[in-house]
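The values are calculated or read from the model by the stated rules, or taken from the named source; none is laboratory data. In this text, all values refer to a predicted model and were calculated from it rather than measured experimentally. Cβ sites come from the backbone with ideal geometry, for glycine too, and all protein chains shown count toward neighbours.
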Amino acid sequence: MTPDGALLDQPQAWGGSLFGDTPQPGGDWRDTVAPEPSQAQAWDVNSKEYRDWLERDRQRQIALGYLDPETGQMTDAGRDAQREAITGGFTPGDVGAAAGMIKAWHGSPHIFDRFDFSKIGTGEGNQVFGHGGYIAQARAVAEYYRNALSKARGLTGDITIDGVRIPREQATRGQQLAGGALKWTDPDHVLSQLKPTDFTPGPAIEEARQLLSQGRVGRAEPGALYEVGFDAEHPQLLDWNKPLSAQSPEVLANLERTGWMGKARQYFQDNRKLFPNPTGEDFHDYLTHGPPKIKAKAVAQRLDKAGVPGIRYLDASSVREGGGTSNFVVLNDKKLQIMRMLGLAGTTATGAGAALPSLFGDDPEQGGLL
(Lines give C-alpha, C1' and ligand atoms only; values in the text may rest on other atoms or scores of the structure.)
Protein backbone atom coordinates (compact mmCIF):
# COMPACT_ATOMS: atom_id res chain seq x y z
CA MET A 1 0.00 0.00 0.00
CA THR A 2 1.05 3.61 -0.29
CA PRO A 3 2.21 5.32 2.92
CA ASP A 4 -1.26 6.80 3.42
CA GLY A 5 -3.11 3.65 2.40
CA ALA A 6 -4.76 5.28 -0.59
CA LEU A 7 -4.69 2.21 -2.78
CA LEU A 8 -6.07 -0.26 -0.27
CA ASP A 9 -9.34 1.21 0.98
CA GLN A 10 -11.14 -1.87 -0.29
CA PRO A 11 -13.81 -3.91 1.52
CA GLN A 12 -12.74 -7.37 2.67
CA ALA A 13 -15.44 -8.97 0.56
CA TRP A 14 -13.90 -7.74 -2.66
CA GLY A 15 -10.34 -9.01 -2.21
CA GLY A 16 -8.65 -6.77 -4.76
CA SER A 17 -8.14 -8.02 -8.30
CA LEU A 18 -10.16 -8.01 -11.45
CA PHE A 19 -10.44 -11.07 -13.65
CA GLY A 20 -10.16 -14.17 -11.60
CA ASP A 21 -8.47 -13.15 -8.38
CA THR A 22 -11.48 -11.80 -6.49
CA PRO A 23 -14.95 -13.15 -5.68
CA GLN A 24 -17.44 -10.75 -7.22
CA PRO A 25 -21.14 -10.16 -6.45
CA GLY A 26 -23.33 -12.83 -7.93
CA GLY A 27 -20.78 -15.64 -7.85
CA ASP A 28 -17.17 -16.64 -7.43
CA TRP A 29 -15.18 -15.55 -10.50
CA ARG A 30 -11.89 -16.96 -9.17
CA ASP A 31 -11.32 -19.00 -12.31
CA THR A 32 -12.79 -16.51 -14.77
CA VAL A 33 -10.45 -14.19 -16.64
CA ALA A 34 -11.46 -11.52 -19.12
CA PRO A 35 -14.92 -13.02 -19.79
CA GLU A 36 -16.91 -12.72 -22.97
CA PRO A 37 -19.67 -10.07 -22.92
CA SER A 38 -22.32 -12.63 -21.97
CA GLN A 39 -20.32 -13.51 -18.87
CA ALA A 40 -19.54 -9.91 -18.09
CA GLN A 41 -23.26 -9.13 -18.07
CA ALA A 42 -23.68 -11.65 -15.29
CA TRP A 43 -21.61 -9.52 -12.96
CA ASP A 44 -23.65 -7.46 -10.57
CA VAL A 45 -22.01 -4.22 -11.65
CA ASN A 46 -24.86 -2.22 -10.15
CA SER A 47 -23.97 -3.28 -6.62
CA LYS A 48 -24.20 -0.08 -4.57
CA GLU A 49 -21.45 -1.13 -2.21
CA TYR A 50 -18.99 -1.77 -5.00
CA ARG A 51 -19.88 1.39 -6.94
CA ASP A 52 -19.42 3.40 -3.76
CA TRP A 53 -15.99 1.88 -3.22
CA LEU A 54 -14.95 2.56 -6.82
CA GLU A 55 -15.90 6.22 -6.53
CA ARG A 56 -14.36 6.64 -3.09
CA ASP A 57 -11.12 5.06 -4.29
CA ARG A 58 -11.11 7.21 -7.43
CA GLN A 59 -11.66 10.47 -5.54
CA ARG A 60 -8.95 9.68 -3.00
CA GLN A 61 -6.39 8.91 -5.71
CA ILE A 62 -7.35 12.09 -7.58
CA ALA A 63 -6.92 14.12 -4.37
CA LEU A 64 -3.46 12.63 -3.89
CA GLY A 65 -2.49 13.42 -7.47
CA TYR A 66 -2.19 9.75 -8.37
CA LEU A 67 -5.00 9.75 -10.93
CA ASP A 68 -5.83 12.16 -13.77
CA PRO A 69 -9.52 13.12 -13.29
CA GLU A 70 -9.98 13.74 -17.02
CA THR A 71 -8.49 10.55 -18.47
CA GLY A 72 -8.66 8.21 -15.48
CA GLN A 73 -5.02 7.27 -16.14
CA MET A 74 -2.36 6.97 -13.44
CA THR A 75 -0.12 10.03 -13.21
CA ASP A 76 3.67 10.04 -12.87
CA ALA A 77 3.21 10.68 -9.15
CA GLY A 78 0.94 7.66 -8.97
CA ARG A 79 3.49 5.47 -10.73
CA ASP A 80 6.21 6.69 -8.37
CA ALA A 81 4.03 5.91 -5.35
CA GLN A 82 3.20 2.50 -6.76
CA ARG A 83 6.86 1.67 -7.38
CA GLU A 84 7.72 2.87 -3.87
CA ALA A 85 5.02 0.58 -2.47
CA ILE A 86 6.46 -2.43 -4.27
CA THR A 87 10.10 -1.89 -3.36
CA GLY A 88 9.47 -0.55 0.13
CA GLY A 89 12.07 2.13 -0.50
CA PHE A 90 14.85 -0.44 -0.77
CA THR A 91 17.27 -0.70 -3.63
CA PRO A 92 17.12 -4.22 -5.09
CA GLY A 93 20.28 -6.13 -4.40
CA ASP A 94 21.90 -9.48 -3.79
CA VAL A 95 22.53 -9.38 -0.07
CA GLY A 96 23.82 -12.46 1.71
CA ALA A 97 23.34 -13.51 5.32
CA ALA A 98 25.78 -11.87 7.68
CA ALA A 99 28.55 -13.77 9.41
CA GLY A 100 27.24 -15.72 12.39
CA MET A 101 23.81 -16.15 10.82
CA ILE A 102 22.30 -19.29 9.36
CA LYS A 103 21.39 -18.76 5.72
CA ALA A 104 18.06 -20.36 4.80
CA TRP A 105 14.99 -20.00 2.59
CA HIS A 106 11.31 -19.27 3.14
CA GLY A 107 8.61 -19.81 0.51
CA SER A 108 5.26 -18.11 0.93
CA PRO A 109 2.14 -17.27 -1.07
CA HIS A 110 2.38 -13.80 0.48
CA ILE A 111 4.56 -10.76 -0.14
CA PHE A 112 5.86 -9.01 2.97
CA ASP A 113 8.95 -7.19 4.21
CA ARG A 114 9.27 -8.55 7.75
CA PHE A 115 8.25 -11.59 9.74
CA ASP A 116 5.45 -11.18 12.25
CA PHE A 117 4.97 -14.16 14.57
CA SER A 118 1.88 -12.57 16.14
CA LYS A 119 -0.04 -13.97 13.16
CA ILE A 120 0.94 -17.58 13.88
CA GLY A 121 -2.15 -19.71 14.20
CA THR A 122 -4.13 -17.89 11.49
CA GLY A 123 -3.05 -20.40 8.84
CA GLU A 124 -4.54 -23.69 7.76
CA GLY A 125 -2.05 -26.11 9.30
CA ASN A 126 -0.59 -27.15 12.63
CA GLN A 127 2.89 -26.32 13.82
CA VAL A 128 4.10 -29.86 14.31
CA PHE A 129 7.71 -28.94 15.05
CA GLY A 130 7.05 -26.09 17.44
CA HIS A 131 5.71 -22.56 17.57
CA GLY A 132 7.63 -20.22 15.30
CA GLY A 133 8.64 -19.33 11.77
CA TYR A 134 9.54 -22.22 9.47
CA ILE A 135 12.51 -21.90 7.12
CA ALA A 136 14.40 -24.39 4.96
CA GLN A 137 18.08 -25.09 4.47
CA ALA A 138 17.35 -26.36 0.93
CA ARG A 139 16.07 -23.77 -1.51
CA ALA A 140 14.09 -26.42 -3.42
CA VAL A 141 12.04 -27.18 -0.30
CA ALA A 142 11.05 -23.52 0.10
CA GLU A 143 10.20 -23.27 -3.60
CA TYR A 144 7.97 -26.34 -3.31
CA TYR A 145 5.93 -24.84 -0.48
CA ARG A 146 5.71 -21.44 -2.14
CA ASN A 147 4.19 -23.04 -5.23
CA ALA A 148 2.00 -25.56 -3.38
CA LEU A 149 0.52 -23.04 -0.97
CA SER A 150 -0.02 -20.40 -3.66
CA LYS A 151 -1.90 -22.94 -5.76
CA ALA A 152 -3.93 -24.14 -2.77
CA ARG A 153 -5.11 -20.57 -2.15
CA GLY A 154 -6.08 -20.03 -5.76
CA LEU A 155 -3.47 -17.30 -6.20
CA THR A 156 -2.89 -16.86 -9.91
CA GLY A 157 0.01 -14.45 -9.60
CA ASP A 158 0.50 -10.71 -9.69
CA ILE A 159 1.35 -8.75 -12.81
CA THR A 160 4.50 -6.91 -13.83
CA ILE A 161 4.68 -3.51 -15.46
CA ASP A 162 8.02 -2.70 -17.09
CA GLY A 163 9.50 -5.64 -15.18
CA VAL A 164 8.32 -4.42 -11.77
CA ARG A 165 5.94 -6.65 -9.86
CA ILE A 166 2.59 -5.07 -9.00
CA PRO A 167 0.43 -6.83 -6.37
CA ARG A 168 -3.11 -7.34 -7.61
CA GLU A 169 -4.68 -5.06 -5.02
CA GLN A 170 -2.31 -2.20 -5.90
CA ALA A 171 -2.71 -2.33 -9.69
CA THR A 172 -4.81 0.18 -11.60
CA ARG A 173 -7.95 -1.10 -13.27
CA GLY A 174 -6.20 -0.94 -16.65
CA GLN A 175 -3.23 -2.92 -15.35
CA GLN A 176 -5.60 -5.53 -13.93
CA LEU A 177 -7.44 -5.81 -17.23
CA ALA A 178 -4.21 -6.20 -19.18
CA GLY A 179 -2.88 -8.84 -16.78
CA GLY A 180 -6.15 -10.74 -16.85
CA ALA A 181 -6.27 -10.70 -20.65
CA LEU A 182 -2.82 -12.31 -20.78
CA LYS A 183 -4.34 -15.52 -19.46
CA TRP A 184 -6.08 -15.93 -22.80
CA THR A 185 -4.52 -17.00 -26.10
CA ASP A 186 -5.64 -13.80 -27.85
CA PRO A 187 -5.59 -11.02 -25.23
CA ASP A 188 -6.13 -8.26 -27.80
CA HIS A 189 -9.36 -9.90 -28.92
CA VAL A 190 -10.51 -10.29 -25.33
CA LEU A 191 -10.05 -6.59 -24.65
CA SER A 192 -11.78 -5.66 -27.89
CA GLN A 193 -14.90 -7.43 -26.65
CA LEU A 194 -15.12 -5.46 -23.40
CA LYS A 195 -17.70 -2.72 -23.15
CA PRO A 196 -17.30 0.28 -20.81
CA THR A 197 -19.10 -0.20 -17.48
CA ASP A 198 -18.64 0.93 -13.89
CA PHE A 199 -16.51 -2.16 -13.43
CA THR A 200 -14.51 -1.81 -16.64
CA PRO A 201 -14.30 1.95 -17.38
CA GLY A 202 -13.43 3.03 -20.88
CA PRO A 203 -10.13 4.70 -19.90
CA ALA A 204 -9.08 1.52 -18.09
CA ILE A 205 -9.77 -0.56 -21.20
CA GLU A 206 -7.71 1.86 -23.28
CA GLU A 207 -4.86 1.74 -20.74
CA ALA A 208 -4.90 -2.06 -20.93
CA ARG A 209 -4.74 -1.98 -24.73
CA GLN A 210 -1.75 0.37 -24.64
CA LEU A 211 0.09 -1.77 -22.10
CA LEU A 212 -0.41 -4.86 -24.25
CA SER A 213 0.55 -3.14 -27.51
CA GLN A 214 3.72 -1.73 -25.94
CA GLY A 215 4.66 -5.09 -24.41
CA ARG A 216 4.93 -3.54 -20.94
CA VAL A 217 2.75 -5.99 -19.05
CA GLY A 218 3.53 -9.51 -17.88
CA ARG A 219 2.38 -12.06 -15.31
CA ALA A 220 4.49 -12.84 -12.26
CA GLU A 221 4.79 -16.16 -10.51
CA PRO A 222 2.50 -16.46 -7.47
CA GLY A 223 4.01 -16.00 -4.04
CA ALA A 224 7.62 -15.21 -3.28
CA LEU A 225 10.84 -16.88 -2.24
CA TYR A 226 12.85 -15.24 0.52
CA GLU A 227 16.51 -15.68 1.35
CA VAL A 228 16.70 -15.17 5.09
CA GLY A 229 19.30 -14.85 7.79
CA PHE A 230 18.62 -16.62 11.09
CA ASP A 231 20.57 -14.97 13.91
CA ALA A 232 21.77 -18.21 15.47
CA GLU A 233 24.43 -20.89 15.14
CA HIS A 234 23.79 -24.59 14.66
CA PRO A 235 25.12 -25.70 18.09
CA GLN A 236 22.49 -23.45 19.72
CA LEU A 237 19.54 -25.30 18.16
CA LEU A 238 17.57 -28.11 19.74
CA ASP A 239 17.84 -31.05 17.34
CA TRP A 240 14.44 -32.64 16.90
CA ASN A 241 15.78 -35.93 15.57
CA LYS A 242 18.73 -36.53 17.90
CA PRO A 243 18.59 -38.07 21.39
CA LEU A 244 18.91 -35.60 24.25
CA SER A 245 22.18 -37.30 25.11
CA ALA A 246 23.55 -36.31 21.67
CA GLN A 247 22.53 -32.63 21.81
CA SER A 248 25.33 -30.06 21.83
CA PRO A 249 26.81 -29.12 25.24
CA GLU A 250 25.47 -25.58 24.71
CA VAL A 251 21.91 -26.82 24.16
CA LEU A 252 22.07 -29.14 27.17
CA ALA A 253 23.30 -26.32 29.41
CA ASN A 254 20.59 -23.96 28.19
CA LEU A 255 17.85 -26.58 28.58
CA GLU A 256 18.83 -26.80 32.24
CA ARG A 257 18.21 -23.05 32.48
CA THR A 258 14.56 -23.55 31.50
CA GLY A 259 13.84 -25.34 34.79
CA TRP A 260 12.15 -28.18 32.96
CA MET A 261 14.89 -30.77 32.73
CA GLY A 262 14.60 -32.23 36.24
CA LYS A 263 10.98 -33.30 35.87
CA ALA A 264 11.56 -34.28 32.24
CA ARG A 265 14.32 -36.68 33.21
CA GLN A 266 12.11 -38.21 35.88
CA TYR A 267 9.24 -38.58 33.39
CA PHE A 268 11.43 -40.35 30.84
CA GLN A 269 12.92 -42.56 33.57
CA ASP A 270 9.44 -43.57 34.76
CA ASN A 271 8.46 -44.34 31.15
CA ARG A 272 11.79 -45.74 29.95
CA LYS A 273 10.09 -48.57 28.07
CA LEU A 274 8.41 -45.97 25.87
CA PHE A 275 11.41 -43.62 25.80
CA PRO A 276 14.60 -45.70 26.00
CA ASN A 277 16.57 -42.85 24.44
CA PRO A 278 14.39 -39.69 24.39
CA THR A 279 14.96 -37.25 21.55
CA GLY A 280 14.46 -33.53 21.11
CA GLU A 281 11.04 -34.35 19.71
CA ASP A 282 10.17 -36.41 22.80
CA PHE A 283 11.25 -33.54 25.07
CA HIS A 284 9.10 -31.00 23.19
CA ASP A 285 6.12 -33.38 23.12
CA TYR A 286 6.52 -34.02 26.86
CA LEU A 287 6.22 -30.28 27.51
CA THR A 288 3.25 -29.64 25.23
CA HIS A 289 1.33 -32.95 25.41
CA GLY A 290 2.70 -34.61 28.55
CA PRO A 291 1.93 -33.76 32.17
CA PRO A 292 3.12 -30.11 31.99
CA LYS A 293 0.60 -29.30 29.19
CA ILE A 294 2.43 -26.08 28.36
CA LYS A 295 1.26 -24.06 25.37
CA ALA A 296 3.67 -24.32 22.43
CA LYS A 297 4.02 -20.53 22.33
CA ALA A 298 5.10 -20.45 25.98
CA VAL A 299 7.58 -23.26 25.32
CA ALA A 300 9.07 -21.28 22.43
CA GLN A 301 9.37 -18.13 24.51
CA ARG A 302 11.14 -19.85 27.41
CA LEU A 303 13.48 -21.80 25.16
CA ASP A 304 14.47 -18.60 23.38
CA LYS A 305 14.99 -16.75 26.66
CA ALA A 306 17.16 -19.62 27.92
CA GLY A 307 19.42 -19.41 24.87
CA VAL A 308 17.83 -21.96 22.53
CA PRO A 309 16.68 -19.75 19.62
CA GLY A 310 15.31 -22.50 17.40
CA ILE A 311 14.68 -26.12 16.53
CA ARG A 312 16.14 -28.03 13.61
CA TYR A 313 14.64 -31.12 12.01
CA LEU A 314 15.44 -33.16 8.92
CA ASP A 315 13.32 -32.33 5.88
CA ALA A 316 11.20 -35.09 4.33
CA SER A 317 13.73 -36.26 1.75
CA SER A 318 16.52 -36.31 4.32
CA VAL A 319 14.40 -38.40 6.69
CA ARG A 320 13.96 -40.97 3.92
CA GLU A 321 17.68 -40.94 3.14
CA GLY A 322 18.77 -40.98 6.77
CA GLY A 323 20.45 -37.58 6.68
CA GLY A 324 20.97 -34.45 4.60
CA THR A 325 19.39 -31.00 4.81
CA SER A 326 17.27 -29.62 7.61
CA ASN A 327 14.42 -27.23 8.19
CA PHE A 328 14.40 -24.80 11.11
CA VAL A 329 11.79 -23.39 13.46
CA VAL A 330 12.77 -19.87 14.50
CA LEU A 331 11.29 -19.09 17.92
CA ASN A 332 11.66 -15.29 17.88
CA ASP A 333 10.79 -13.15 14.85
CA LYS A 334 13.42 -10.57 15.89
CA LYS A 335 16.08 -13.16 15.00
CA LEU A 336 14.84 -13.71 11.45
CA GLN A 337 15.80 -11.19 8.80
CA ILE A 338 14.84 -11.05 5.12
CA MET A 339 18.02 -10.63 3.07
CA ARG A 340 16.36 -10.61 -0.34
CA MET A 341 13.15 -11.57 -2.07
CA LEU A 342 13.49 -13.79 -5.14
CA GLY A 343 11.29 -15.40 -7.73
CA LEU A 344 9.76 -12.15 -8.97
CA ALA A 345 9.59 -11.73 -12.71
CA GLY A 346 12.04 -9.10 -13.83
CA THR A 347 13.22 -7.98 -10.40
CA THR A 348 14.81 -8.94 -7.12
CA ALA A 349 13.63 -6.87 -4.17
CA THR A 350 14.44 -6.76 -0.50
CA GLY A 351 10.94 -6.00 0.64
CA ALA A 352 7.43 -4.76 -0.12
CA GLY A 353 5.74 -1.67 1.13
CA ALA A 354 3.04 -3.42 3.13
CA ALA A 355 4.26 -5.61 5.95
CA LEU A 356 1.92 -8.48 5.16
CA PRO A 357 2.57 -11.34 7.60
CA SER A 358 3.43 -14.77 6.39
CA LEU A 359 1.01 -17.43 7.60
CA PHE A 360 3.37 -19.82 9.31
CA GLY A 361 2.25 -23.33 10.05
CA ASP A 362 0.53 -24.05 6.75
CA ASP A 363 2.70 -26.96 5.69
CA PRO A 364 0.16 -29.42 4.26
CA GLU A 365 2.40 -32.36 5.09
CA GLN A 366 4.43 -31.41 8.13
CA GLY A 367 2.73 -28.42 9.67
CA GLY A 368 5.17 -25.65 8.79
CA LEU A 369 5.14 -23.11 6.01
CA LEU A 370 8.52 -23.19 4.35
ask   = Would it be correct to say that Lys297 is among the charged types (D, E, K, R), out of contact with any strand residue (DSSP E or B) (no Cβ under 6 Å at 6 or more places or on another chain) and part of a helix (DSSP H, G or I)?
value = yes
request  = Inspect all residues belonging to the range 305-318 and state whether any of them is part of a loop (DSSP other than H, G, I, E, B) and over 30 Å from Tyr145 (Cβ atoms).
outcome  = no
request  = Return the only residue of Leu225, Leu191, Leu252 being surrounded by 17 or more Cβ atoms within 10 Å (Cβ to Cβ), assigned to a helix (DSSP H, G or I) and of a type outside the set (Asp, Glu).
outcome  = Leu191
Qualifying residue in the range 124-141 (condition: more than 21 Å from Leu237 (Cα to Cα), at pLDDT 85 or above and of a type outside the set (A, V, I, L, M)) = no
key: Lone unmet requirement of (1) more than 19 Å from Arg168 (Cα to Cα); (2) part of a helix (DSSP H, G or I) for Pro196   = (2)
inquiry  = Which numbered condition in (1) among the β-branched types (Val, Ile, Thr); (2) modelled with pLDDT of 70 or more; (3) over 15 Å from Val228 (Cα atoms) is the only one that Ile86 fails?
reply    = (2)
request  = Report, by residue number, each residue of the range 283-305 that is surrounded by 20 or more Cβ atoms within 10 Å (Cβ to Cβ) and closer than 18 Å to Pro243 by Cα.
outcome  = Phe283, His284, Tyr286, Leu287, Leu303
message = Go through the range 198-249 and report how many residues are within 25 Å of the chain's Cα centre (by Cα) and small (Gly, Ala, Ser).
response = 6
note = Taking first residues from the range 48-76 that are over 14 Å from Ala204 (Cβ atoms) and of a type in the set (S, T, N, Q) and second residues anywhere that are in a loop (DSSP other than H, G, I, E, B) and modelled with pLDDT of 70 or more, the pairs with Cβ under 7 Å that are 6 or more apart or on different chains are Thr75/Gly65; Thr75/Tyr66; Thr75/Asp68
